[in-house]
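Here is the structure we will look at.
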């Protein structure tokens, strides 16, 4: 097998990788957090304790960001479903 064909096989993405990329593109705030974790994992030049001290807050941030993203999606879906079920309903706005 030539070097070129080996290289092209190594750069092909799997369906799972394509799905992950699509999901990260739909959730840029999560992509930023995942990138931060990967940067930490690859660039850690410290003791295990120092690494843990850096990792724990990042994982918490990822969890918080994930819950917020999920909540926005669920709220949007509930609103869309309500509008579909109640086409004559109008959204009320505060009077000034």
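General observations
- In summary, residue 85 fulfils each of the numbered conditions (1) in contact with a helix residue (DSSP H, G or I) (Cβ under 8 Å, 6 or more places away or on another chain); (2) at pLDDT below 95 with the single exception of condition (1).
- For the criterion of being at pLDDT 90 or above, touching a helix residue (DSSP H, G or I) at 6+ places or on another chain (Cβ under 6 Å), under 30 Å from residue 73 (Cβ atoms) and part of a helix (DSSP H, G or I), residue 17 fails.
- Criterion violated by residue 69 - all others in (1) assigned to a loop (DSSP other than H, G, I, E, B); (2) in contact (Cβ under 8 Å) with a residue 40 or more places away in the chain satisfied: (1)
- Taking residues in segment 46-60 that are free of Cβ contacts under 8 Å to residues at least 24 places away in the same chain, and partners anywhere that are in a helix (DSSP H, G or I), the pairs with Cβ atoms closer than 8 Å and at least 6 places apart or on different chains are 46/54; 51/40; 54/40; 55/37; 55/40; 59/37.
- Condition check for residue 57: at pLDDT 90 or above and out of contact with any helix residue (DSSP H, G or I) (no Cβ under 8 Å at 6 or more places or on another chain): yes
The values are calculated or read from the model by the stated rules, or taken from the named source; none is laboratory data. Keep in mind it's a predicted model, so treat the numbers as computed, not measured. Because the Cβ atoms are built from the backbone with ideal geometry, glycine has one as well, and the counts that use them run over all protein chains shown.
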